[in-house]
Every structure is written in C-alpha cells, then in structure tokens.
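Following: one structure in structure tokens, then a few remarks.
The values are calculated or read from the model by the stated rules, or taken from the named source; none is laboratory data. Given the structure is predicted, the values throughout are model-derived calculations rather than measurements. Cβ atoms come from the backbone with ideal geometry, glycine included; neighbour counts cover every protein chain shown.
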Amino acid sequence: MAECVQVAVSNATFHFDKLYSYSVPAHLQDRVFVGSIVLVPFGRGAAARMGVVLGLDAPEAAGKRLKSLYDAAPEQARLSDELLRLVYYLKEHTFCTYYEAVKAIIPYGAQYKAVNTGPVPQLQKQLVRHTEPVYRRTDAPWQGRRTEKQQAAWDALAFGPKTQKELEEQGVTKAVLAGLVKKGVLAVSAQDKSVALYEDYSPAQETIALSPAQQAAYSRLAALMDTGRPAAALLHGVTSSGKTLVFLKLIEKAVAAGRKALVLVPEISLTPQMIYRLKAFFGDRVAVQHSALSNTERLLQWQQIQNGGADIVVGTRSAVFAPLPDIGVIIIDEEQEHTYHSESAPRYSAHDVAKRRAAAHGALLLLASATPSTESYYAAQTGRYTLVELSERYNHMPLPEVRLVDMREELAAGNASSVSRALADEISRNLARGEQTILLLNRRGYKTVGMCTACSEVVKCDACSVPMVYHKADGRLLCHYCGKSVSPVPEMCPACGGKLKYTGFGTQRVEEELAQMFPAARVLRMDLDTTSRKNAHETMLRRFAKGEYDIMLGTQMVAKGLDFEKVTLVGVLGIDQLLFAQGYKAFENVFSLVTQVVGRGGRAAQAGRALIQTVDPNHPVLNLAARQDYKSFFAEEISFRRLNLYPPFCTICLAGFSGAKEPEVLAASRAFAADVQRLAQQRSGIPLRILGPAPMNIAMVNNHYRYKLTLKCRNDNAFRALMGEALAAYNAAGWPGKVSVYLDFHSDADI
C-alpha cells in the first residue's frame, strides 16, 4: 500500500525532469504501484499534469507536506517492469525526459489525459472507444402474433448474438429490433466496435520448405536459439535468396516452444506483404503496430498483445516496444535502413532497444539484409555477431543483368527527357511481352526548382532555407520541410521580377513523360503524395501484384523488400543527387539503394535486367552495386571509415541547436562546445573530437535557425555523464529559453 510516491511529470524540459514526491490519498492507495499512470497537481497553480510513478515511499518525503495525487489509471494500464526499464534506458541514453520515453512506449490510444468533471481533475483515456449494440435472444415467452419481419429478426439470431450492423445487413431494421427488446424477447447490450484488420488473408496450404542453403542457415540460427542465452546474428543474403523463409522457420520454432516473436520492417510499404505472409502461416495470433494504423486500430492491436492474444508482432520502428512476454526471436529486416532511428525525442535506435530486449528475454536478435550497414557487418566480421550467409538466389535464377547508361551522352544526342533511350526501349520490350517494370526516382513532385532566368535566384520557402518543389497536380509550390505552399505557381522572380524557369524532374513529371511515351501503359506512381491515404500502400501493391499496372514508378519505398513475379525490368533514375550528397554514409546509402532496387527484378521464372542512369557511369560505388559485390564495397568503405575515424571506430553524437535568432543560436552552440571541451579536459581517458559549430545542411526550418556540433566520441557511461554536466551548464547559463538543444547519437552527421 503506497502512502507517498515519486513521480516523473509530463511536459518537463530535460533540465527540470526529476522525480517529484506526492502523497497518495486513501481511496487510491490500492491502485498505485511503480509504473502506474497518475494525474498530479504541479506548480504554483496546481495545474493537472500526467505523470508516471517511478518510485514508492520516497525517503525524502517523510515529514514533509506533500501535494496529493488527483487520480490514478486502472492497474492494468501500468507499465510492466521491462517497459519501465526501457523508460530509464531511453532517459539515460538519449537524454529525453521520462515522459517522452513513456509516450514513445505506449501508443496514443492507451495514454490518458486530464478532464475536469468533478471537484478535482480526473483521468480519461485519450481514445474513447465507440460502442455498438449487440442483440441476443432471451428466454421470455412471446406475447401476441409474430410479424414476418419479427420472425426474420428472431431467425437471424438463432446461432448467437449479432451486432446491429450485421442484422441490418440481413434486412432487419432498428425499429423491429427495438420493438422486440420492448417485448422482452430480445436483449441488447453494448460492446466495443470491432475493427477488421488484415483479415482477408489466405491460409498457407503448404509447410515451410527450405532449400539446402536455407536449411544450413536456419540450423545455425536455430542452434543459437537452443542455448537459451541471448545471441545476435547477421543474416547476409543476396536479394531474392529467401531470407523470409528462414524468418518463418525461426518464428515457427519460437512459437512451438511457447515463446513469442517480434519482426521489424523499415517501411510501412513493406508491412502488408510481411503481415500477410505471417498470417498465412500463423493466423490471427499475429498483431500489427505501425503509424499508418488509426489510433483505434493501434490500441486494439496493443491490447491484443498485452492480453496475451498474440504470438507474433510485426511492425515498423515503434513495434520494438510491443509488450510481448517471453520473446524467443527478434528479427530486424533490411537492418541498414535509417528509418530504424527516431528523429524526434526520444532519439533512439530500434537496434539498441532490440538488443536490450533480447538480452532481457534470452532471445536471438537476428539482423538481416542484402546490404548490411557497415557497422553491423564489421560486428559480424569481428565476432560480436554470428555471420550467416546466403550467397545464391532461392530459385537459382541469376542476378539481374545491369547496364549503366551515361546521361551526358543522352543530353548530347538531344534527349532531354528523364528517361533514356535505352530505358525506353527496354520498357517497350517489357510492355510487348506483358512483363512489369519498376522505376526508382528518389524525388517527388513535378519539376524540382524554379530559377530566375535573369538573376539566377532560386524560389525558396520563406520559412526554410530550401527550394520549393513544383507539384503540377495540385498547381502549387510546396516546401517538403514545413509544408508551406504557394498557389498559384509564380511566373515572375520575387527578387528581381525576371521570368522563372522550372527545371529538374520528380515523380509527377516522369509519370507524365511515361504517359506520352507509352499511352497504353498503366502507370502506378508511389510516393508520399499518392500514399498518404489510409491503406494506400496495401491497395496499390496488391493491384500491382495482380497485374493491373505495367509500370510502378516510385521513391525509395519501391526499392526494397517487395517481391513481384512478373517484374523483369528495373530502372534507376536520378541517383546522382544521392551519390554526391554530404555525409559519411552517402556511398553506403547509394550502394544499398541501387543493390536493393536492382534485386526487385527477375525473382521468378524470367531473368531480370536493370538500367542505372547516371552522369558518372565509371563511379566505383555504382559499378560495385551493379555487380551486387557487397564484400568489395565493404572493404573499401571500412578502410575509409577507419582512416577518417567514423563509425564503427567511434560514435558520432550530434548536438543540435535551434532558435529564432541566428546570432543567439551560434553563440549558444559555441558556449556548449566550450563547456564540453572544459569538462573533457578535467577528466582523463575520454577520447573526444569536436567539429563545429556549423549550420546544418538545412540551415533554417520553420523560421528557426539550426546549427550543429559534431562530437566524435565513445558512447560509454563516462561520456554520457560528461554530456549530462554540459547540459546542466547550458541550463544554468539560461540558454534553453532562447535556443533549444538536443543530442542525437544515431545521426549521420549530415542533417
């Protein structure tokens, strides 16, 4: 029975995010535990704030006059011991607040808010579940004659209760039901509305059959699971080597042993394929967690997991927090993807959280990719992970034949189109044979920028330091950072009044060019603009798989993980923008993207071809990707990382600063750098290099100037303690009121 507790409150800044003591009123003492969600009075005005109990019987509270809790959530809403440990982990390792960590772990619908419904504020679920009437027969005798409609209602309930919606679909009206309830022959009650989610799957008709190579890989991984101890492995398999079948066999093994499985994928676009594959073999005990679900859907799936109704959870980054007990295997597919790193507080890596959970459960953590991150492959090379490889395609089909097309020659020959003549010829060939094509262009919009023909000024967002992108379909210019738009599209330069010329190309423009080149072709465009509607990814991919489209044109979401039998041609457009981008991971990103998208072709009976359009066809990274020669690429990349001291030979911590006045942002970042340098000099044995301050690549977003410090360090307890002291000094100097600061240990240092 708790009489006083220590609470971490919501809306705290990092600088005053500590535990506050409260007394527990008598009527709540049986409901408050460590991990309980509570409502507390905070500050001079005793304003209601959400909080989480992180300690009981605070010793410093003895003899003090404490404020009392307003309210506490039901016991079943409290955080489990494991999730509480993750709250502490996120706080200590990402420098977020306690409650930011809580909000990352618990989905919105399962969180609470304060409402004023009585003498003191009360807790209410963020999501109020909608109910629907359910009707059932009673044992009461009929009085009087039955009408035909009444008999139909009675017959419809012969095999058990039904919802009002189900009865109305059978022609039974609400008025008839109300009349029968009044007679007493039917009873009505309310139940939460159900939500159909990925229910139209087809059960697998066959068992999971592995090739000899897959069986060898599975046996090595299964042996790690059999030890009952935490283990980490990297499954490196060429594209279409059948890594998913190995996943399924490992999951089958975990479930057969009464344990659970967690599967992470990097993109929402990949989720439907993985869900249907898992549901085909494991049925309705597969739960889903990703941001494209509605709050209601996500809450219901969370509750299914929490109540023990799921053996397997599949989802994107946030699914790593799913409240699964007794996990036997955690799989991170396409593990190299940057989407596994959160770019808002808490700035965590799903890899790191998965490692902690695997350690807590004695589980196997399996990272998988055709193009592993340099850090992961190095860990496998040095024995920190077990390296398991699949070097051949599952169906013994050869890797796609790859050709590099020199776009300088295309321009010299008078072809200013975004589609080269060689690629156009190959698309024509595919259309004639009834085969499908995937085209990758990592740039959405119509024409990328508007430039003045007189003064060469580019039309930029007035709130961000980036060019605005022309979206023809909407008739507007759009900022892809803050969302600001300009309509109608300006024709004259705002700086000098000269004529604007819109150049470059995005997915909308390429779609238009394809329609002109191939009028009969059915083109599917997949980018952020076309997939924003609910279930858009699932619907589009299903229609493409059915053969309703000939060409899929898209951004990075079409590059990886997708499996279509009729795709025999892949085209890569506009890769040079990424090839010459800033950041130490630029070459790794290009190699991964090209290798992955090339691997989408030739995955069934027909051989695949791929064309990569570039202004530098001799670039070694593109040629290594064309050959899918990961090991040679890794040898080059690891030498570069070692020479220049980049991960895995150090950790990069980015300190980001943002404020409305540029001189203040620069001064704040300089002051923070000086404090870090001073504190490091007071200690010994802390390796550290400080680069900057410098403006971020996008120097202004939403009228806020942005600067960064890049710290090359060793991410251990000593360094994190140093950064904690530096943040305290920053706070003591009064900077947070003018310039916000955050730390990110997972940045590519090229923001």
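Table for the structure above
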{"quantity": "Residues satisfying the stated conditions in segment 117-146, i.e. touching a Leu at 6+ places or on another chain (Cβ under 7 Å) and assigned to a loop (DSSP other than H, G, I, E, B)", "calculated": "121, 127, 138"}
{"quantity": "Residue within segment 426-436 that is at pLDDT 90 or above and either among the hydroxyl-bearing types (Ser, Thr, Tyr) or touching a helix residue (DSSP H, G or I) at 6+ places or on another chain (Cβ under 6 Å) (or both) present", "calculated": "yes"}
{"quantity": "Any strands (runs of 3 or more DSSP E) falling wholly within segment 650-751 and containing at least 3 residues that are in contact with a Leu (Cβ under 8 Å, 6 or more places away or on another chain) and within 26 Å of residue 351 (Cα to Cα)", "calculated": "651-659, 704-713, 740-744"}
{"quantity": "Whichever residue in segment 488-526 is more than 20 Å from residue 477 (Cα to Cα) and among the hydrophobic types (A, V, I, L, M, F, W, C) and, among such residues, is surrounded by the most Cβ atoms within 10 Å (Cβ to Cβ)", "calculated": "514"}
{"quantity": "Test for residue 711: is it more than 27 Å from residue 373 (Cβ to Cβ) and buried (at least 17 other Cβ atoms within 10 Å of the Cβ)", "calculated": "no"}
{"quantity": "Exclusive hit being among the aliphatic types (A, V, I, L, M), in the same structural domain as residue 279 (by TED's automatic domain parsing) and within 30 Å of residue 599 (Cβ to Cβ), set 204, 254", "calculated": "254"}
{"quantity": "Residues that are touching a residue at least 40 places away in the same chain (Cβ under 8 Å), out of contact with any His (no Cβ under 9 Å at 6 or more places or on another chain), assigned to a helix (DSSP H, G or I) and closer than 23 Å to residue 393 by Cβ, drawn from segment 626-647", "calculated": "626, 633, 634"}
{"quantity": "Residue within segment 95-111 that is part of a strand (DSSP E or B), among the aliphatic types (A, V, I, L, M) and in contact (Cβ under 8 Å) with a residue 12 or more places away in the chain present", "calculated": "no"}
{"quantity": "Any hit, segment 659-667, residues being at negative phi and surrounded by 19 or more Cβ atoms within 10 Å (Cβ to Cβ)", "calculated": "yes"}
{"quantity": "Enumeration of residues in segment 385-399 that are modelled with pLDDT under 95 and of a type outside the set (Gly, Ala, Ser)", "calculated": "389, 390, 392, 393, 394, 395, 396, 397, 398, 399"}
{"quantity": "Positions within segment 279-333 being aliphatic (A, V, I, L, M), in a helix (DSSP H, G or I) and closer than 25 Å to residue 227 by Cβ, in sequence order", "calculated": "320"}
{"quantity": "Candidates 384, 347, filtered to the one that is in contact with a Phe, Trp or Tyr (Cβ under 9 Å, 6 or more places away or on another chain) and over 27 Å from residue 655 (Cβ atoms)", "calculated": "384"}
{"quantity": "Residues satisfying the stated conditions in segment 269-311, i.e. of a type in the set (A, V, I, L, M) and in contact with a helix residue (DSSP H, G or I) (Cβ under 6 Å, 6 or more places away or on another chain)", "calculated": "286, 287, 288, 292, 299, 310"}
{"quantity": "Filtered residues of segment 112-139 (kept if loosely packed, with under 15 Cβ neighbours inside 10 Å, of a type in the set (A, V, I, L, M, F, W, C) and at pLDDT 80 or above)", "calculated": "115"}
{"quantity": "Output for segment 215-253, where each listed residue is among the small types (Gly, Ala, Ser) and closer than 16 Å to residue 363 by Cβ", "calculated": "222, 223, 228, 231, 232, 233"}
{"quantity": "Positions within segment 542-558 being within 26 Å of the chain's Cα centre (by Cα), at pLDDT 80 or above and surrounded by 22 or more Cβ atoms within 10 Å (Cβ to Cβ), in sequence order", "calculated": "544, 552, 553, 554"}
{"quantity": "Residue selected from segment 616-637 under the condition surrounded by 16 or more Cβ atoms within 10 Å (Cβ to Cβ) and in contact with a helix residue (DSSP H, G or I) (Cβ under 6 Å, 6 or more places away or on another chain), by the criterion modelled with the lowest pLDDT", "calculated": "628"}
{"quantity": "Pairs where the first residue, in segment 320-336, is in the same structural domain as residue 348 (by TED's automatic domain parsing) and the second is surrounded by 24 or more Cβ atoms within 10 Å (Cβ to Cβ) and among the basic types (Lys, Arg), C-beta under 6 Å, 6+ apart", "calculated": "324/260; 326/260; 327/260; 334/560"}
{"quantity": "Residues of segment 237-252 satisfying the condition of being touching an Asp or Glu at 6+ places or on another chain (Cβ under 9 Å) and either among the hydrophobic types (A, V, I, L, M, F, W, C) or at pLDDT 95 or above (or both)", "calculated": "238, 247, 251"}
{"quantity": "Test for residue 684: is it surrounded by 15 or more Cβ atoms within 10 Å (Cβ to Cβ), among the polar types (S, T, N, Q) and assigned by TED's automatic domain parsing to the domain that holds residue 735", "calculated": "no"}
